[in-house]
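Okay, structure first, notes after.
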Amino acid sequence: MIPCLEVGRTHHLRPPLAQSCGIWYHARKYVLALPPTDMLELRKLLDKVDQMSQDVADRQQLYGDLAQEARAVLADTRVDEELHAKITAAITAESTWRGARPLEGALDRRINPQARAANFSLIGVDGSQIYPDRHGPVLYYLLNIGSIVMRVGSGQAPVTDTRPELYYSEADLYDQNLNLVNNEWVNGRRELAEMRALADLAQAERLYYAGDLEPMILAMKDGQLTMWMGERAQSAEKKQQLVRYIACLHDIQQVGAVPIGFVGRPRSANVVRLLWVARLPQSEITRERVNSSKYRALTDRALFSALLGPNQRSALFASTGRVNREDFAQAGQRICFFYLNIARSNDPAAARIVRVDLPEWATQSPALIDKIQNAIYDDCEGTHFPYVLVRADELAVVSQQEKRNLDSMLAVSISQITGHMPLDSAKAMAKSQSRHYAT
Amino acid sequence: MNHADPVLGRVLRSSTTGYTFGFSQAHTQPPAFGALVKTAVGDSHVFGLVYDQRVMDDALVRQIVASSDSLSEERIQDMRMRRQTPIEISVLSIGYEQGGTIYQLLPPHPPDALQPIFACTPDESRRVLTSFQYFRTVLDNMECPSEELLVASIRHGAGCQPPGQAQPYLIGAGRELTRLLAHDHQRLDAILRRLADFFNATHSLPEVPYG
């Protein structure tokens, strides 16, 4: 037994839950008997854990009531010129308002897909990174993009690949102000590399079909389809990255493929924000009122979990975020989304609500959306997440051991040329030694 | 060793009596139980018999198998051919070749980690398995299924003999077994019974596959 998991609990948890978790819950005195040399002294958190558990339970009750109220608003709100006018007013009042603009006639639509593609290609891409480490022996960062191409219905083994890239030049490591690039910057480059890989694979896959546009090709990435970094793109460099990102979407469109963003546990609240604005009289849509939503603690997932059955999708929406309604929309790549329940059970408590992002141009054909929905739902069989993204992540992930191996390889290679072995900083070495027992 | 020969895998761990290697060929079958494989140790070659093959599972395989009513062929192919699900193959060292002479003794040194493993050609198998001294090594090893392994290697050795020599080979093997297991009739009987059908069919021996 690992001591850190041996947490003394009170009677809050029901025995079947405790048993189903496979964790033995002992009396508080066991935790109090833990050796005092543990790095995280759990005994000091016992009371807080109890308080937090009660708070979570209380909030769950409150959110449940709010969600029920919000679902009633969802059902009662009509999609008409008045609603669209309110949305426009909200954007005018608060330019950063990330609500949703409905693209269909009813907000509470539940759609069962009809069409299903027999043979198609499903591409999954994911990326991983090693961030610049000021205390490491050598300054660099790494991106590793994993990809898999499944030809569904073919019986063939999929095509897998990894693309590791090492960035070490001064132009790679420092921005225009000569500051070392930060993690957010590296994340942006990774996003762009993922999208570039999707575009390249989509093009290659269309060549596999000898240019025949009939077979469906879905190019899926983990996470939203809009570039996250783009929301705060201020510098010219970041703007340029956004332009290149959108160009990849265009390249995918050119070969008749569809880019998909899959968000497995969405915390977005675009539709919830829409409902709040929908409730407001037109005259009260001010910045202050828009930002004081009664439903601010809710997520869209909570809204749709009781609404969508297995393999049912919601209506289509478009985020009103600035980057989507300006940069993406102006380039003809406005991103829409729908929510989908990928659960296999009819039990509402077992609902698994995910969010699927796709460009608006791909939503013109209801049959295509049906095929996309079915393809995603089927690919989540057994893994509760698209199989192609599970595998792409597996191909992309860089473990701590692999990072250490790369650091060693670099240090040895450099020492063979320079005659000096680069070392970690004193701080890194001291931490490594002091944390030995914790790991 | 011809470096153009396909590498079956590389040593993961080793000892004086044998080693385990990870099988890395995506498009071929791993070597069969009782097959003879070889690897280099210094300036000599060590020969061994394959006695165990393990296909390791992992959390993703277990999850998919447990929660899916049906598996697509694409996923099965992905699991088998693309994922790094390791196949570990254990080998019992039975001899080594040094200076052109084959010694059916435990090798002086085990192979190093990551040393490549190759399949033995039929000619190599015939040369190595001509002598029956390795029988004692197999019979005395507690980690391998020694009776089954001996039967498999004798069959393999017989299949490598020139035309018309398979039965004399088997007769010679049987005599050696009788000598070694004179005081263990049960064990001797178990092995000879397994060889009997093969002995009777030696007039139509199939060609021994490479590896």
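The values are calculated or read from the model by the stated rules, or taken from the named source; none is laboratory data. Because the structure is a prediction, the values reported are computed rather than measured. Glycine gets a Cβ as well: all are built from the backbone with ideal geometry, and neighbour counts include every protein chain shown. For the accessible areas, the whole protein counts, side chains as well, though only heavy atoms, and no ligand, DNA or RNA atoms are used. Shrake-Rupley method; radii C 1.70, N 1.55, O 1.52, S 1.80 Å.
Which residues, taken from the range A:336-388, are modelled with pLDDT of 95 or more, among the polar types (S, T, N, Q) and within 12 Å of A:LEU308 (Cβ to Cβ)?
Of everything in the range A:336-388, those that are modelled with pLDDT of 95 or more, among the polar types (S, T, N, Q) and within 12 Å of A:LEU308 (Cβ to Cβ) turn out to be A:ASN341, A:GLN373.
Determine whether the range B:169-189 contains at least one residue that is open to solvent by less than 30 Å² (accessible area, probe 1.4 Å), touching a residue at least 60 places away in the same chain (Cβ under 8 Å), in a helix (DSSP H, G or I) and not polar (S, T, N, Q).
Checking the range B:169-189: not a single residue is open to solvent by less than 30 Å² (accessible area, probe 1.4 Å), touching a residue at least 60 places away in the same chain (Cβ under 8 Å), in a helix (DSSP H, G or I) and not polar (S, T, N, Q).
Do you know which residues across the range B:39-80 are assigned to a strand (DSSP E or B) and touching a helix residue (DSSP H, G or I) at 6+ places or on another chain (Cβ under 7 Å)? Steps first, answer last, please.
Looking only at the range B:39-80, we keep the residues that are assigned to a strand (DSSP E or B), and these are B:39-41, B:44-55.
Of everything in the range B:39-80, those that are assigned to a strand (DSSP E or B) and touching a helix residue (DSSP H, G or I) at 6+ places or on another chain (Cβ under 7 Å) turn out to be B:PHE47, B:LEU49, B:TYR51.
Residues checked against (1) more than 14 Å from every other protein chain (Cβ to nearest Cβ); (2) more than 18 Å from A:SER314 (Cα to Cα); (3) in contact with a Leu (Cβ under 9 Å, 6 or more places away or on another chain); (4) without any contact (Cβ under 8 Å) to a residue 40 or more places away in the chain:
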{"residue": "A:SER365", "(1), (2), (3), (4)": "yes, no, no, yes"}
{"residue": "A:PRO386", "(1), (2), (3), (4)": "no, yes, yes, no"}
{"residue": "A:ASP393", "(1), (2), (3), (4)": "no, yes, no, no"}
{"residue": "A:VAL398", "(1), (2), (3), (4)": "yes, yes, yes, no"}
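Select, from A:TYR25, A:TYR30, A:TYR63, the only residue that is surrounded by 10 or more Cβ atoms within 10 Å (Cβ to Cβ), modelled with pLDDT of 55 or more and farther than 27 Å from A:THR320 by Cβ.
Details: A:TYR25 fails: modelled with pLDDT of 55 or more; A:TYR63 fails: farther than 27 Å from A:THR320 by Cβ.
Just one listed residue meets the conditions, A:TYR30.
Return only the number of the condition from (1) closer than 17 Å to A:THR160 by Cα; (2) within 26 Å of the chain's Cα centre (by Cα); (3) open to solvent by less than 80 Å² (accessible area, probe 1.4 Å) that B:ILE76 does not satisfy.
B:ILE76 satisfies all of (1) closer than 17 Å to A:THR160 by Cα; (2) within 26 Å of the chain's Cα centre (by Cα); (3) open to solvent by less than 80 Å² (accessible area, probe 1.4 Å) except (2).
Exactly one condition in (1) open to solvent by 50 Å² or more (accessible area, probe 1.4 Å); (2) basic (Lys, Arg); (3) under 26 Å from the mean Cα position of the chain (by Cα) is not met by A:ARG151; state its number.
Exception for A:ARG151: condition (1).
Could you list, in sequence order, all residues of the range A:302-313 that are within 19 Å of the chain's Cα centre (by Cα), open to solvent by less than 20 Å² (accessible area, probe 1.4 Å) and not basic (Lys, Arg)? Spell out the reasoning first.
Step one: filter the range A:302-313 for residues within 19 Å of the chain's Cα centre (by Cα), giving A:302-305, A:313.
Keeping just the survivors that are open to solvent by less than 20 Å² (accessible area, probe 1.4 Å) gives A:303-304, A:313.
The answer is A:LEU303, A:PHE304.
Can you find even one residue in the range A:313-324 that is in contact (Cβ under 8 Å) with a residue 40 or more places away in the chain, within 15 Å of A:ILE111 (Cα to Cα) and of a type in the set (A, V, I, L, M)? Full working, then the answer.
Let us first name the residues in the range A:313-324 that are in contact (Cβ under 8 Å) with a residue 40 or more places away in the chain, namely A:313-324.
Cutting the leftovers down to within 15 Å of A:ILE111 (Cα to Cα) gives us A:313-317.
Of the ones still in play, those that are also of a type in the set (A, V, I, L, M) are A:315-316.
Yes - at least one qualifying residue is present in the range A:313-324.
Take B:GLN53 and decide whether it is away from chain A (no Cβ under 14 Å), under 30 Å from A:GLY153 (Cα atoms), open to solvent by 20 Å² or more (accessible area, probe 1.4 Å) and under 16 Å from the mean Cα position of the chain (by Cα). Reasoning before the result, please.
Working: away from chain A (no Cβ under 14 Å): yes; under 30 Å from A:GLY153 (Cα atoms): no; open to solvent by 20 Å² or more (accessible area, probe 1.4 Å): yes; under 16 Å from the mean Cα position of the chain (by Cα): yes.
No, not satisfied.
Step by step: first the residues of the range B:115-144, then only those that are of a type in the set (D, E, K, R) and assigned to a helix (DSSP H, G or I), then the one that is nearest to B:ILE94 (Cα to Cα). Which residue is that? Walk me through it before giving the result.
The first filter runs over the range B:115-144 and keeps only residues of a type in the set (D, E, K, R), leaving B:123-124, B:126-127, B:136, B:140, B:143.
Retained after the next criterion (residues that are assigned to a helix (DSSP H, G or I)): B:123-124, B:126-127, B:136, B:140.
Numbers: B:ASP123: 17, B:GLU124: 14, B:ARG126: 14, B:ARG127: 13, B:ARG136: 9, B:ASP140: 12 Å.
Of everything passing the filter in the range B:115-144, B:ARG136 is nearest to B:ILE94 (Cα to Cα).
Do you know which of the residues in the range A:280-301 that are in contact (Cβ under 8 Å) with a residue 24 or more places away in the chain and surrounded by fewer than 16 Cβ atoms within 10 Å (Cβ to Cβ) is farthest from the chain's Cα centre (by Cα)?
Going through the qualifying residues, I end up with A:GLN282.
Take A:LEU178 and decide whether it is free of Cβ contacts under 8 Å to residues at least 12 places away in the same chain, loosely packed, with under 14 Cβ neighbours inside 10 Å and within 22 Å of A:PRO259 (Cα to Cα). It would help to see each step written out before you state the result.
On the way: free of Cβ contacts under 8 Å to residues at least 12 places away in the same chain: yes; loosely packed, with under 14 Cβ neighbours inside 10 Å: yes; within 22 Å of A:PRO259 (Cα to Cα): no.
So A:LEU178 does not fit the description; no.
Can you confirm whether the range A:155-162 contains a residue that is more than 14 Å from every other protein chain (Cβ to nearest Cβ) and either touching a Phe, Trp or Tyr at 6+ places or on another chain (Cβ under 7 Å) or assigned to a strand (DSSP E or B) (or both)? Talk me through it step by step, then tell me what you get.
We begin by selecting, within the range A:155-162, every residue more than 14 Å from every other protein chain (Cβ to nearest Cβ); these are none.
Within the range A:155-162, not a single residue is more than 14 Å from every other protein chain (Cβ to nearest Cβ) and either touching a Phe, Trp or Tyr at 6+ places or on another chain (Cβ under 7 Å) or assigned to a strand (DSSP E or B) (or both).
Out of all the residues in the range A:325-369, which are open to solvent by less than 10 Å² (accessible area, probe 1.4 Å) and touching a Lys or Arg at 6+ places or on another chain (Cβ under 6 Å)? Before the answer, list the steps.
Start the filter on the range A:325-369 by keeping residues that are open to solvent by less than 10 Å² (accessible area, probe 1.4 Å), which leaves A:328, A:333, A:335-343, A:353-354, A:356-359, A:362, A:369.
Correct list: A:PHE328, A:PHE337, A:PHE338, A:TYR339, A:LEU340, A:ILE342, A:ALA343, A:ILE353.
Could you check, for the range B:14-29, whether at least one of its residues is touching a helix residue (DSSP H, G or I) at 6+ places or on another chain (Cβ under 7 Å) and in contact (Cβ under 8 Å) with a residue 12 or more places away in the chain? Write out each step before concluding.
Of the range B:14-29, the ones touching a helix residue (DSSP H, G or I) at 6+ places or on another chain (Cβ under 7 Å) are B:26.
Now narrow it down to the ones that are in contact (Cβ under 8 Å) with a residue 12 or more places away in the chain: B:26.
Within the range B:14-29, one or more residues are touching a helix residue (DSSP H, G or I) at 6+ places or on another chain (Cβ under 7 Å) and in contact (Cβ under 8 Å) with a residue 12 or more places away in the chain.
For B:GLY34, state whether it is open to solvent by less than 80 Å² (accessible area, probe 1.4 Å) and either out of contact with any His (no Cβ under 9 Å at 6 or more places or on another chain) or part of a strand (DSSP E or B) (or both).
Numbers: open to solvent by less than 80 Å² (accessible area, probe 1.4 Å): yes; either out of contact with any His (no Cβ under 9 Å at 6 or more places or on another chain) or part of a strand (DSSP E or B) (or both): no.
Answer is no for this residue.
Among (1) open to solvent by 20 Å² or more (accessible area, probe 1.4 Å); (2) over 21 Å from B:PRO31 (Cβ atoms), there is one condition B:THR85 misses while meeting the rest; what is its number?
(2)
Of the residues that sit in the range B:81-114 and are outside any loop (DSSP other than H, G, I, E, B) and of a type in the set (Ser, Thr, Tyr), which one is nearest to the other protein chains (Cβ to nearest Cβ)? Steps first, please.
Just the residues of the range B:81-114 that are outside any loop (DSSP other than H, G, I, E, B), to begin with: B:81-82, B:87-98, B:101-103.
Among the residues that remain, those that are also of a type in the set (Ser, Thr, Tyr) are: B:90, B:93, B:96, B:101, B:103.
Details: B:SER90: 25, B:SER93: 30, B:TYR96: 33, B:THR101: 40, B:TYR103: 38 Å.
The selected residue is B:SER90.
Anything in the range A:233-280 that is part of a loop (DSSP other than H, G, I, E, B), over 30 Å from A:TYR63 (Cβ atoms) and among the hydrophobic types (A, V, I, L, M, F, W, C)? List them, or say none.
First pass over the range A:233-280, keeping only residues part of a loop (DSSP other than H, G, I, E, B): A:233-235, A:255-257, A:264-269, A:280.
Now narrow it down to the ones that are over 30 Å from A:TYR63 (Cβ atoms): A:233-235, A:255-257.
Those that are part of a loop (DSSP other than H, G, I, E, B), over 30 Å from A:TYR63 (Cβ atoms) and among the hydrophobic types (A, V, I, L, M, F, W, C): A:ALA233, A:VAL255, A:ALA257.
Among the candidates A:ALA72, A:ALA85, which residue alone is free of Cβ contacts under 8 Å to residues at least 40 places away in the same chain, more than 14 Å from every other protein chain (Cβ to nearest Cβ) and in a helix (DSSP H, G or I)? Break it down into steps so the answer makes sense when it comes.
Details: A:ALA85 fails: free of Cβ contacts under 8 Å to residues at least 40 places away in the same chain.
Only one candidate qualifies: A:ALA72.
Does A:VAL125 meet the test of being away from chain B (no Cβ under 14 Å) and either more than 29 Å from A:MET409 (Cβ to Cβ) or open to solvent by less than 10 Å² (accessible area, probe 1.4 Å) (or both)?
Details: away from chain B (no Cβ under 14 Å): yes; either more than 29 Å from A:MET409 (Cβ to Cβ) or open to solvent by less than 10 Å² (accessible area, probe 1.4 Å) (or both): yes.
Answer is yes for this residue.
Would you pick out the residues in the range A:371-405 that are under 18 Å from A:ARG190 (Cα atoms) and either among the hydrophobic types (A, V, I, L, M, F, W, C) or in contact with a Cys (Cβ under 8 Å, 6 or more places away or on another chain) (or both)?
The initial filter retains those residues of the range A:371-405 that are under 18 Å from A:ARG190 (Cα atoms), namely A:389-399, A:403.
Answer for the range A:371-405, where residues must be under 18 Å from A:ARG190 (Cα atoms) and either among the hydrophobic types (A, V, I, L, M, F, W, C) or in contact with a Cys (Cβ under 8 Å, 6 or more places away or on another chain) (or both): A:LEU389, A:VAL390, A:ALA392, A:LEU395, A:ALA396, A:VAL397, A:VAL398.
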